[in-house]
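What follows is one structure encoded as structure tokens, with my remarks underneath.
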Amino acid sequence: MIPVSLLCRPRFALVVLALVIPGPSTSQTTTVRDAPRANVREPVAADSVEIREWAVPWQSTRPRDPIVDPLGRVWFVGQRGNYLAALDPETGEFGRKDLPTGALPHNVIVGPDGGLWYAGNGDAHIGRVDSASGEITRFDVPVSDPHTLFFAPGGALWFTAQGANRIGRLDPATGEVDLIQPSVADARPYGIVVDANGRPWIALFGTNRIATADPTTMELVEHELPWTDARARRLGVTSDGSVWYVDYARGTLGRLTPDTGVAVEWSAPGGRGSRPYAMAVDDRDRIWFVETGADPNRLVGFDPASEEFFGVTAIPSGGGTVRHMVFHAATGSLWFGTDANTIGRARIGP
């Protein structure tokens with residue numbers, strides 16, 4: 001059941017932040033070797049993946065970025081509707097909580113404390129919602145547009161700010177914020193993940209670079225992809241530490257090896273115009289992404305061991321654009337939101 005508190009009027013607790021900005025960062029650029037494009041293969045024949053979608057009852061609100069909590073509830077935000085919502089996939093019941101006016105939430109994740117953390121993309125804040133009481137704690141941040149959030153193993157909350165051209169780290173205990181500026185103007189920090197060593201990896205969508213930050217020194221290292229028109233948008237990390245990315249501009253899936261800086265790419269099944277966007281890594285280190293240049297959008301799997309694509313499946317609603325996706329290990333499922341105003345689940349594992 002959806003908690004009644006989700007429908008309650010929000011209560012606000014204002015947290016005053018101490019802004020900490022490191023000294024000038026010695027932003028280093030590491031140029032990857034010009035690796036040859038891997039052989040292009042046709043997708044392997046496979047049964048299509050089972051996809052189910054739930055129509056969100058609030059029309060034209062861009063429901064996005066669903067995440068599953070420990071109780072099995074699926075939380076998501078309505079970027080254009082200015083709300084946080086929950087779906088019970090067993091009953092199909094929805095619950096909604098309005099967020100502060102102008103928040104325009106872009107992303108939501110479940111924190112290590114069990115709270116729901118969202119990016120207030122419209123009015124420069126990150127919010128925490130208590131899933132039981134509905135209370136909102138607001139962290140004002142010194143950037144205009146917090147974009148995508150990711151918790152590090154130690155509890156620090158890393159985030160991107162695309163328009164402000166910053167990468168940030170919030171300490172939830174103190175409210176302090178550290179900021180890093182990429183070396184390139186309009187680098188557009190976008191997708192972000194944190195590896196097993198606590199290092200964040202960031203797609204600099206306005207450039208052909210993928211960056212990582214040292215969490216101790218806050219030094220930023222930028223890996224420049226050898227293709228000048230490359231535009232990595234979302235990222236994933238496999239158990240061997242490889243950083244995977246989808247190149248939205250060139251229609252490729254790529255792997256960056258952090259130790260060597262070498263990048264290898266595979267052309268997506270839909271080719272250069274496929275616009276791969278949402279992506280996730282499952283518990284078998286398989287890569288999943290959505291081709292948004294296709295109508296309908298298509299979910300695509302890739303096996304790094306065999307270097308083969310498989311399970312290409314159309315999104316039943318068409319998708320419009322699937323922007324973000326997460327893997328839920330307990331149910332072997334991918335969760336995503338669509339511009340067709342649905343929340344979707346793809347069952348991909350045993």
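Summary of computed values
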| item | result |
| --- | --- |
| Asp259 vs. criteria touching a residue at least 24 places away in the same chain (Cβ under 8 Å), outside any strand (DSSP E or B) and of a type in the set (Asp, Glu) | no |
| Checklist (1) touching a strand residue (DSSP E or B) at 6+ places or on another chain (Cβ under 6 Å); (2) closer than 25 Å to Arg233 by Cα applied to Arg96, failing item | (2) |
| The range 189-209, residues that are over 18 Å from Pro146 (Cβ atoms) and not in a loop (DSSP other than H, G, I, E, B) | Arg209 |
| Any hit, the range 183-197, residues being among the aliphatic types (A, V, I, L, M), under 26 Å from Arg298 (Cα atoms) and in contact (Cβ under 8 Å) with a residue 40 or more places away in the chain | yes |
| Any hit, the range 113-128, residues being over 20 Å from Thr338 (Cα atoms), at pLDDT 95 or above, in a strand (DSSP E or B) and of a type in the set (D, E, K, R) | yes |
| Out of Asp145, Asp113, Asp123, Asp130, sole residue that is within 25 Å of Leu235 (Cα to Cα) and surrounded by fewer than 18 Cβ atoms within 10 Å (Cβ to Cβ) | Asp113 |
| Residue tally, condition under 28 Å from Leu170 (Cα atoms) and either in a strand (DSSP E or B) or of a type in the set (A, V, I, L, M) (or both), over the range 210-246 | 20 |
| Per-region count, the range 312-339, residues in a loop (DSSP other than H, G, I, E, B) and surrounded by fewer than 21 Cβ atoms within 10 Å (Cβ to Cβ) | 10 |
| Residues located in the range 67-100, provided they are within 25 Å of Arg188 (Cα to Cα) and outside any strand (DSSP E or B) | Gln79, Arg80, Gly81, Asn82 |
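Let's see how each residue does on (1) under 22 Å from Leu299 (Cβ atoms); (2) of a type outside the set (Gly, Ala, Ser); (3) buried (at least 18 other Cβ atoms within 10 Å of the Cβ):
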position	(1), (2), (3)
Phe205	yes, yes, yes
Thr212	no, yes, yes
Glu219	no, yes, no
His223	no, yes, yes
Asp229	no, yes, no
Leu235	yes, yes, yes
Arg250	yes, yes, yes
Pro269	yes, yes, yes
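The values are calculated or read from the model by the stated rules, or taken from the named source; none is laboratory data. Fair warning: this is a prediction, and the values are worked out from it, not measured in the lab. All Cβ positions, even for glycine, are placed from backbone atoms using ideal geometry, and neighbour counts span all protein chains on display.
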